[in-house]
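Structure record follows, encoded as structure tokens.
The values are calculated or read from the model by the stated rules, or taken from the named source; none is laboratory data. These numbers come from a predicted model, not from an experiment. With ideal geometry, Cβ positions are generated from the backbone for all residues, glycine too; neighbour counts draw on all protein chains shown.
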Amino acid sequence: MEREEITTVLCCLRCQKETEHRVVYQGGLVKAIQCNECGLEVGFDPSKLRALYGEDLVRRVLTKPRRITEEYKRDLFSFVSSIPFRIATKPYRMFKEIESLKDD
Ligand SMILES: [Zn+2]
């Protein structure tokens, strides 16, 4: 599946301040969000999120927008901070493996 990344400033749940985050999209949906400062990563399982929040919200918040707006970032942040941790996956090892394959 197509994989894309953007870097944007979001409020980190651990740092308790705004930091740069890497938002990873796979197949056009947010797959994981990682804080560039502390490394905290939250991964998502879209099927679990759909079951919990419904298709509309998942599509609105997790689909990569054409343009990253302040409103989108706010929505994304409030969504992320509302997700129960049992729903968030932590594909940290996978992330590291992908990282080690990149040569930049
Ligand atoms: Zn952080």
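Annotation: Ala51 fulfils all but one of (1) closer than 24 Å to Gln16 by Cβ; (2) at pLDDT 85 or above; the unmet one is (1). For Phe85, the requirement of being away from the ligand (no atom under 16 Å from the Cβ) and either within 11 Å of the chain's Cα centre (by Cα) or modelled with pLDDT under 80 (or both) is not met.
Does Arg22 count as among the charged types (D, E, K, R), within 16 Å of Ile83 (Cβ to Cβ) and surrounded by 15 or more Cβ atoms within 10 Å (Cβ to Cβ)? Judged against the criteria, Arg22 is not a match. For the range 28-56, the set of residues classified as touching a helix residue (DSSP H, G or I) at 6+ places or on another chain (Cβ under 7 Å) and more than 26 Å from Thr7 (Cβ to Cβ) consists of Arg50 only.
Counting only residues that are surrounded by fewer than 16 Cβ atoms within 10 Å (Cβ to Cβ) and in contact (Cβ under 8 Å) with a residue 40 or more places away in the chain, the range 41-58 holds 1 of them.
Residues in the range 1-26 that are more than 8 Å from the ligand (Cβ to nearest atom) and modelled with pLDDT under 85: Met1, Glu2, Cys11. Using the structure shown, decide if Tyr92 is surrounded by 10 or more Cβ atoms within 10 Å (Cβ to Cβ), modelled with pLDDT under 60 and of a type outside the set (A, V, I, L, M, F, W, C). Yes; evaluated as a whole, the condition is true for this residue. Does the range 27-40 hold any residues that are within 16 Å of the ligand (Cβ to nearest atom) and loosely packed, with under 15 Cβ neighbours inside 10 Å, and which are they? Result: Asn36, Glu37, Cys38, Gly39. Against the list (1) in contact (Cβ under 8 Å) with a residue 24 or more places away in the chain; (2) within 15 Å of Val80 (Cα to Cα), the condition Cys38 fails is (2).
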